[in-house]
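*Asks:* To start, I am sharing the structure in question, which I have written as structure tokens.
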Amino acid sequence: MTATDAGRRRWLRAALSAGAGLGLGLGCGLVAATPGRRGEPRWAAAWNGPSGHQVGLLARAADGRWRVEASVAVPTRSHGLTALPDGSLLTIARRPGDWLLRWHPDRRHEQLVWNDAGSTFNGHAVLLPGGRQLLTSETDTELDQGRLVLRRLDTLEPLQRWATGGRDPHQLLVAEEGRSVWVANGGVASQPETGRARVADATLDSSIVRLDLRSGQPLGHWTLDDPWLSLRHLAWHAGSRTLGVALQAEHPQASRRPDAPVLALLDVAQDRLSCPQAPRAMAGYGGDICATPRGFAVSSPRAHRVAFWDHAGQPDGELQLPEACALSYSDAGLLVGVRQGGLRRPAEVPDSPGPTLAAADALPFSPDNHWIRWR
């Protein structure tokens, strides 16, 4: 265990003890009640504020403003979020992470587990069909190899470990037929003692793999021609049966990163992984991705932009937004989180080449990389 790991654990144990003394069960921070408007959807997000790292629910209050309806403190920066059928929320530490939290906002109850020695969480989890098990993306730190860990949902205990066929697995997505899972192997080499820092001069081992959910055996493996593009986040466009992948450039030559592509498309029917170009440079950094009715949206907080493509990879417009990152699409439309504390609602406008900015709302915090609709 590294010194950083030990410090995190001491911090959380102290916070949990304080929370228990306040009658919050495993709670370790603020649980603030600000009623939302009846019938309004809730959004789950992570953020960093004056009181530290938080995960919580965002809702439009009776006065029309966006408020934090409930929140819980977490010891380190959270990353991926998963809404569960019983109303609880699963969140996982940013890589290299050592904690996994299941939070029940309605019951003020939290269930937290530490990872096993020799393994770190990589920021994402996915609920499996049937609702009784989940998968987490992890790294075997002794081998620096990717693992998917099958866990019971009720206890979060590990059941099986499957090799991902690559390094640094990141986001997971259950395939459309429900019998396999897509895995984005980010490919970044790291060491426990240096945290997120990439091992200098180590080549990437990035790929998309598809694993059988019954056996963990590989069903497919795809790579890009450019070995310095890290495949990280996933979205599925059902109408075209296309997997969209957000990319982050890791080229040793910094001059090659700004113009690097940020989107890869896996055409399942053609069995082909390719990279369309963006309308303009995206600083080589795809922060988040989501599917839209026409194709895909990818954000880049470094380029202050959200770019759009149709499902065939043709550019479909862009939006200029300061530090735009978190994306989510639902019946409420596309919501874009802006790091400076804003929420944007791009809308499809007839006769326009792409989305335009329809509305802007202030948020009480600056959202992190991802957010999801909770209810």
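*Asks:* Among the aliphatic types (A, V, I, L, M), out of contact with any Lys or Arg (no Cβ under 6 Å at 6 or more places or on another chain), touching a residue at least 40 places away in the same chain (Cβ under 8 Å) and in a strand (DSSP E or B), is that true of residue 234?
*Replies:* yes
*Asks:* Applying the selection to region 344-375, what residues are part of a strand (DSSP E or B), at pLDDT below 70 and either more than 13 Å from residue 299 (Cβ to Cβ) or in contact with a helix residue (DSSP H, G or I) (Cβ under 8 Å, 6 or more places away or on another chain) (or both)?
*Replies:* 345, 347, 348, 356, 357, 358, 359, 360
*Asks:* If you go through region 69-87, how many residues are more than 17 Å from residue 370 (Cβ to Cβ) and either surrounded by 21 or more Cβ atoms within 10 Å (Cβ to Cβ) or free of Cβ contacts under 8 Å to residues at least 40 places away in the same chain (or both)?
*Replies:* 4
*Asks:* Turning to a different aspect of this structure: Tally the residues that are of a type in the set (A, V, I, L, M, F, W, C) and within 17 Å of residue 99 (Cα to Cα), restricting the search to region 48-59. If you could, list the steps in order and put the result at the bottom.
*Replies:* Initial filter on region 48-59 (of a type in the set (A, V, I, L, M, F, W, C)): 55, 57-59.
Keeping just the survivors that are within 17 Å of residue 99 (Cα to Cα) gives 55.
So the count comes out to 1.
*Asks:* For the condition modelled with pLDDT under 90, closer than 28 Å to residue 291 by Cα and in contact with a Lys or Arg (Cβ under 8 Å, 6 or more places away or on another chain), what is the one hit in 150, 204, 134?
*Replies:* On the way: 150 fails: modelled with pLDDT under 90; 134 fails: modelled with pLDDT under 90.
The match here is 204.
*Asks:* Quickly run through region 106-121 and pick out the residues that are over 17 Å from residue 152 (Cβ atoms) and either among the aromatic types (Phe, Trp, Tyr) or free of Cβ contacts under 8 Å to residues at least 60 places away in the same chain (or both).
*Replies:* 106, 107, 118
*Asks:* Provide a single number: the residues in region 249-291 that are touching a residue at least 60 places away in the same chain (Cβ under 8 Å) and either assigned to a loop (DSSP other than H, G, I, E, B) or of a type in the set (S, T, N, Q) (or both).
*Replies:* 2
The values are calculated or read from the model by the stated rules, or taken from the named source; none is laboratory data. Predicted, not measured: the structure shown is a model, and the values here were computed from it. FYI the Cβ positions are ideal-geometry reconstructions off the backbone, even for glycines, and counts take in every protein chain you see.
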